[in-house]
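In what follows, a structure is listed as structure tokens, so that the remarks can point back to it.
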Amino acid sequence: MPATALAHLSQFWGVRARIDEHGDLVGLSDPERVVHLMLCYTGEVGNGGHVQYFMNPGGAFAHETVEALNVLGAHEVANVLARTISLFPRGTVPKESRDRNSAVQQLSESAMAQLAVADQAVWQHSLDVLALSYLRQRSKDVLSLEQRD
């Protein structure tokens, strides 16, 4: 099962993932970071929709997640996320949790309806096989720290 494999892999690199003093996600190799962002996004949207995603810590990385999804080749899902980002003032999702949560709470009824449509669009896609293939092609950069003696 690709989802199980990704869950096991992410448990290892997840302990290295952290947010530094500048608000950047660090501690991961590039391939790990790409898949980590995808997993955070699809997990949150799968659990509670885009509202949950944006209100939780992963939402701080929405712009980076669009890039990550495109790197994976998940262009349709990247476009869905980009459209949801455009609902925010100036098309920017705030990095700060308080500002991001306030922005979500101030979204119009129409914007909230668009988020619900976006939820459905993301739920139509499974990115696990795509992510696993991406990691396999970059295996030398995946869990490299854990493979050292």
query = In the list F54, F88, which residue meets the criterion of being without any contact (Cβ under 8 Å) to a residue 24 or more places away in the chain, closer than 25 Å to D20 by Cβ and surrounded by 13 or more Cβ atoms within 10 Å (Cβ to Cβ)?
reply = F88
inquiry  = Quick test for you: out of H8, H36, pick the one residue that is surrounded by 16 or more Cβ atoms within 10 Å (Cβ to Cβ), within 23 Å of D141 (Cα to Cα) and out of contact with any Gly (no Cβ under 6 Å at 6 or more places or on another chain).
reply    = H36
message = Take the residues in region 53-95 that are among the β-branched types (V, I, T) and in a helix (DSSP H, G or I); name whichever of them is nearest to Q114 (Cα to Cα).
response = T84
key: Hits in region 105-147 (condition: at pLDDT 95 or above, of a type in the set (D, E) and surrounded by fewer than 13 Cβ atoms within 10 Å (Cβ to Cβ))   = E109
query = Is one or more of the residues making up region 28-38 part of a loop (DSSP other than H, G, I, E, B) and under 15 Å from the mean Cα position of the chain (by Cα)?
reply = yes
remark   = All-but-one check, G23 against (1) on the phi > 0 side of the Ramachandran plot; (2) outside any loop (DSSP other than H, G, I, E, B); (3) not charged (D, E, K, R), failing number (2)
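The values are calculated or read from the model by the stated rules, or taken from the named source; none is laboratory data. None of the values given here were measured: they were computed from a predicted structure. Neighbour counts run over all protein chains shown; Cβ positions are idealised from the backbone, glycine included.
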